[in-house]
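The values are calculated or read from the model by the stated rules, or taken from the named source; none is laboratory data. Note that the structure is predicted; figures quoted are calculated from it, not measured. Methodologically, a virtual Cβ is constructed for each residue, glycine included, from the backbone with ideal geometry; neighbour enumeration extends over all protein chains shown. Only protein heavy atoms, including side chains, enter the accessible area calculation; ligands, DNA and RNA are left aside. Shrake-Rupley method; radii C 1.70, N 1.55, O 1.52, S 1.80 Å.
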Amino acid sequence: MRRLFRASLPILALTLFACAAASADDAGTPAPEHLTLLNLVGKAGIVEFLLIGLSVLSYSLALQYVFTIKRDTLIPDGLADELHNILAEGPTDEAVENARNAVAGDNSMLGNIMAAAFDKRDLGYDVMRETAEHVGVAEHNKYMSKVSWLSMFASSATLMGLLGTVCGIIGSFLKMASAPGGVDPSMLAGNIGEALVCTATGLIIAIGGLYFFFWLRNRVNSAALDAAVITNEILDYFRTK
């Protein structure tokens, strides 16, 4: 939570800066006060404030994953070379113990896969390879479950923006129904503009969230493939001639 809060601070700062800049731009125009961006956001209702909170959460997680879910983290540099050097003379008991120590406490994708495989060394190559495959799938799913939150937030933002727009349009029709003699078009335009703010906010969240999701998903898939190749190369030392 502390890391998430730190990641949220830049997003909050950018949001406040953008709102202040938009307010300054609108202040220099002759547009009516109730049509400025800040007023539209304020009058858009609770859905708009939920969307703002969702945007902070979504982009904070995205930035956090950009710096934590990367190849250097999932497949540490030098770990594969170290294991190759240890097992180069054959999988002796001493070499296997040294390899276990090399991956002990390493919570990376490759480290967890190799640690599980080495634990099955006494059961033979086939069991080691099967264990590595199962743990590899579990590691892939673990990171994908994190990245998938961005896709869920993007979809939710789109639907919440649509909900805010529908609520605003319903409010416009209710105003028309309550004034049979006619309604000032500027009043309806204001309500519809306030409603469309929700749609715009939802789309901004969804577009950015989807870009981050597909980018990070490709990172995880690429790292999982590389980990599988490295694992098979290391397990070849245990293959019986």
* Asked: Given His134, His84, which one is open to solvent by 50 Å² or more (accessible area, probe 1.4 Å) and at pLDDT 90 or above?
  -> His134
* Asked: Which one of these does Ala62 not meet: (1) open to solvent by less than 20 Å² (accessible area, probe 1.4 Å); (2) at pLDDT below 90?
  -> (2)
* Structure fact -> Over segment 72-98, the set of residues touching a helix residue (DSSP H, G or I) at 6+ places or on another chain (Cβ under 9 Å), among the β-branched types (Val, Ile, Thr) and either assigned to a helix (DSSP H, G or I) or farther than 22 Å from Tyr143 by Cα (or both) is Thr73, Ile86, Val96
* Hey, among Lys120, Lys146, Lys142, which residue is touching a residue at least 60 places away in the same chain (Cβ under 8 Å) and basic (Lys, Arg)? -> Lys146
* To do: Report, by residue number, each residue of segment 201-227 that is of a type in the set (A, V, I, L, M) and surrounded by fewer than 18 Cβ atoms within 10 Å (Cβ to Cβ).
  => Leu203, Ile204, Ile207, Leu210, Leu225
* Asked: Quick check, is Leu188 farther than 30 Å from Ala62 by Cβ and either in a helix (DSSP H, G or I) or modelled with pLDDT of 75 or more (or both)?
  -> yes
* Structure fact -> Counting only residues that are of a type outside the set (S, T, N, Q) and either in contact with a Cys (Cβ under 9 Å, 6 or more places away or on another chain) or closer than 30 Å to Leu123 by Cβ (or both), segment 200-241 contains a total of 17
